[in-house]
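Only one structure is covered here, and it is reproduced in the block below.
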Amino acid sequence: MHALRRRVLICSGSAPLRVSLCACIASHPDLDVVGSCAASDEILRQARVLGPDVLLVDLSPPGTWQVPSLRHIRNSLPHSRILATTNGTADEMVRAVLRAEWDGFIAAHDPLDDLLRAVRDISRGRKFVSSSLSAALSSGVPAGTTAGQGGDVRAGGDASPWDRLTPQECNILRLIAQGYTNRTAAAHLRVSAKTVEKHRANLMRKLGLRDAPALAEFLRERGLLDPLR
């Protein structure tokens, strides 16, 4: 067992995203997913019981979270570091998170290795803002870096091909490996079949895989073929 396992609690209203994030983060020996929840009103209850080092909160859809509620979570959990993620990249959302004194913000479309780096860095007391979020330029935190660190610093070592996938690509990868077609995967994720096709082509390219059997074997080796709930 890794000597310094960081305890992570995940909150997302999207079941596919929640399951994918849990599986991806838990596959790393230095990270331990201690729980997950679907609604904001469950965050404080679970966090007080489980005592996570890092709380990963999906703020999608944009507009449903306001600064007072973000601040309430921050003030109620002084010993946990809080990382926000969302499909939206509006400057006002980033500023709201930073005003609430959360510890990091990363876009949902960023590669998984950036998310893992953010989790590891904020667990060490650093700040993290995704390089894809332009508001970081006015926040006082260099885009894509941690406080006091250069942009090339990698806390987790060399990234694996899996870590270069986005959470949405992880979802699609797992569904296709379980026999979903582009159309049925699109219906499950509530996106278009063309979107699934695009993500599938991207993830196959990133993983260096040519066909579905190779894809299934890749996931089987990592124990990630359990059904999505």
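The values are calculated or read from the model by the stated rules, or taken from the named source; none is laboratory data. Predicted model, so just to flag it, every value in this text is computed and none were measured. Cβ placement follows ideal geometry from the backbone for every residue including glycine, while neighbour counts extend to all protein chains displayed.
One table, with the values for the structure above:
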{"read-out": "Candidate set: the range 68-99, residues that are among the charged types (D, E, K, R) and at pLDDT 85 or above; chosen: the one surrounded by the most Cβ atoms within 10 Å (Cβ to Cβ)", "value": "Arg81"}
{"read-out": "Breaking point among (1) under 22 Å from the mean Cα position of the chain (by Cα); (2) among the acidic types (Asp, Glu); (3) at pLDDT below 85, for Glu217", "value": "(1)"}
{"read-out": "Scope the range 8-56; condition of a type outside the set (A, V, I, L, M, F, W, C), more than 21 Å from Ala107 (Cβ to Cβ) and not in a helix (DSSP H, G or I); matching residues", "value": "Ser27, Pro29, Asp30, Asp32, Gly35, Gly51, Pro52, Asp53"}
{"read-out": "Subset of the range 70-124 (residues that are hydroxyl-bearing (Ser, Thr, Tyr) and in a helix (DSSP H, G or I))", "value": "Ser76, Ser123"}
{"read-out": "Residue among Trp65, Trp102 that alone is modelled with pLDDT of 85 or more, farther than 23 Å from Arg164 by Cα and among the hydrophobic types (A, V, I, L, M, F, W, C)", "value": "Trp102"}
{"read-out": "Answer residue from the range 4-20, given it is of a type in the set (Gly, Ala, Ser) and surrounded by 17 or more Cβ atoms within 10 Å (Cβ to Cβ) and is farthest from Asp53 (Cα to Cα) among those", "value": "Ser14"}
{"read-out": "Any chance Arg190 is charged (D, E, K, R) and under 21 Å from the mean Cα position of the chain (by Cα)", "value": "yes"}
